[in-house]
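These notes are about the structure you will find just below.
The values are calculated or read from the model by the stated rules, or taken from the named source; none is laboratory data. Remember, it's a predicted structure, so these values are computed and weren't measured experimentally. Please note: Cβ atoms are built from the backbone with ideal geometry, for glycine as well, and neighbour counts cover all protein chains shown. Only protein heavy atoms, including side chains, enter the accessible area calculation; ligands, DNA and RNA are left aside. Shrake-Rupley method; radii C 1.70, N 1.55, O 1.52, S 1.80 Å.
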Amino acid sequence: MFVRIELTYKTPKGTETTFSSDELKAAKAILIADDLEKSGRAKNLMFVDNHENTWNMKELKKFMKGIETEPHNATVYFDGGFDIGAKKSGLGCAIYYEQNGKSFRLRKNALVEELDTNNEAEYAAFHLGLQELERLGVHHLPVTFVGDSQVVINQLKGEWPCVEEELNKWADRIEDKLKELGITPEYKAVSRKRNRETDQLATQALNDVEITSTIEIEKD
């Protein structure tokens, strides 16, 4: 979860001004805010998330304590590939998340035969990521979804129309699952170069190489 800090700063002589920080991970924002409060010059300090919800220090600390043992700060990368000759699709997803003060990466791919286009494969890869989030137990939290499919990202954001019947079905399926899990999605489109990990997973699936793994990774 990312938040920005907003506060009123008062100088020793009584001059006041307002400040708003860049977006920070909530845990880091709490540390900085604690230090600001100790200075005795910060007033009206609050945190604002990316949905413009406001939190005071007590509320944010309670929230962070509550999710500490559950998977959180999740980012899902997804990619789908379609082999028109074989009529097969390769799906790949990689989920980065935190739990119990540690960082993890989950990788998963799948080979499916019931799809007809590359766009369907991209939607199916997104849905694969959602299924893995459900297995992890991620719920009622913001999650960032990252892919190189402008079609999927922009249609799910509501910025592009979705006129194809099959793609509409996938979009509805995804939106229903997001609501069921209580996940607030953030969508981010990237270049294929920045989505190589899941592109490789999708290609491996098309080559009948199955990947299912979870590892602990070093924090940034």
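A few points about this structure:
- Test: residue in the range 20-34 that is part of a strand (DSSP E or B) and in contact with a helix residue (DSSP H, G or I) (Cβ under 9 Å, 6 or more places away or on another chain): yes
- Among the residues making up the range 96-123, those that are open to solvent by less than 30 Å² (accessible area, probe 1.4 Å), out of contact with any Gly (no Cβ under 6 Å at 6 or more places or on another chain), in contact (Cβ under 8 Å) with a residue 40 or more places away in the chain and not in a strand (DSSP E or B) are E120, Y123.
- Test: residue in the range 163-170 that is in a helix (DSSP H, G or I), surrounded by fewer than 17 Cβ atoms within 10 Å (Cβ to Cβ) and within 16 Å of the chain's Cα centre (by Cα): no
- Filter pass, F82 being over 18 Å from T212 (Cα atoms), at pLDDT 95 or above and among the aromatic types (F, W, Y): yes
- Flag for G90 being open to solvent by 10 Å² or more (accessible area, probe 1.4 Å) and of a type outside the set (D, E, K, R): no
- Residues being open to solvent by 10 Å² or more (accessible area, probe 1.4 Å), aliphatic (A, V, I, L, M) and under 23 Å from P71 (Cβ atoms) - total across the range 144-158: 1
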